[in-house]
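This report concerns only the one structure given below.
No value in this document is a laboratory result; all are computed from the given coordinates. All values derive from a computational prediction rather than experimental measurement. Ideal geometry is used to build each Cβ from the backbone, glycine not excepted, and the neighbour counts take in all protein chains shown.
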Amino acid sequence: MSNIVLIGFMGVGKTTIGNRLGKLLKMKFVDMDRQIEREQDKKISDIFAQQGEPFFRDLETRMLRSLTASENIILSTGGGIVLRPENRELMKRIGTVVLLEGSVNTVYKRVRLNKNRPILKHKNSKQQIAKLMRERKNFYHLSADLRVSINHKTVMMICEEIVEKIHKGEEDV
Ligand code: S3P
């Protein structure tokens, strides 16, 4: 199977799903945010606070560039990765881009207590989440090869659906 790139809004479970998929498919799981934190030796919230968002976005793009030659990986990305056209192109080069979609309610329940998400700092209300989701929706759709809804599904159900859809896509070619 070709590489899989997971995209989607904060809190849809990209890391959890990626981790499980990696085990199921015996592929290497790479979590971009965690990798950036390791390389910078700082939490995402501190990178945003000390160096600013554009610096973080550059780190994301640089990491995607470095991953274009990878094989047999499941890549989970940060929620804002779709904002740059260059990132969208790089992700397509890396593999099949899978969009995980969740409702405002599902996302709200998962992110409201988390403090390591600077984009939602002080504005993790349902209204703010809904607004940001609306603003980004088009970019997620532009980036995705296929979409999977996560609402009311277990991790296993979501993984199975992803694998099924990828296989189907490969048959259709
Ligand atoms: C961001 C999402 C975060 C992280 C950073 C910015 C965003 O990743 O990359 O805080 O702009 O949506 P998760 O989607 O894993 O929370």
>> Taking a cut-off of 18 Å, what percent of all Cα-Cα pairs in the range 1-51 are separated by more than that?
In response: 41 percent
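At a 10 Å Cβ-Cβ cut-off, how would you order Asp33, Asp46, Asp145, Asp41, fewest neighbours first?
Numbers: Asp33 22, Asp46 14, Asp145 17, Asp41 7.
Listing Asp33, Asp46, Asp145, Asp41 from fewest to most nearby Cβ atoms yields Asp41, Asp46, Asp145, Asp33.
I'd like the projected area of the chain, averaged over all directions, using the convex hull of its alpha carbons. Report it in nm² with one decimal.
Details: hull surface 38.2 nm².
Hull-based average projected area comes out at 9.5 nm².
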>> Can you bin every Cα-Cα distance in the range 77-173 into 5 Å intervals starting at zero and give me the percent of pairs per bin, rounded to whole numbers?
In response: 2, 11, 20, 21, 20, 16, 6, 2, 1, 0
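Out of every Cα-Cα pair in the range 31-99, what percent are more than 16 Å apart? Numbers along the way, then the final one.
On the way: 1018 of 2346 pairs.
In whole percent, the long-distance tail amounts to 43.
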> Taking only DSSP H segments of four or more residues, each worth -39500 (n - 2.57), what value at 222 nm results for the chain once the sum is divided by all its residues, to the nearest 500 deg cm²/dmol?
Replying inline: -17500 deg cm²/dmol
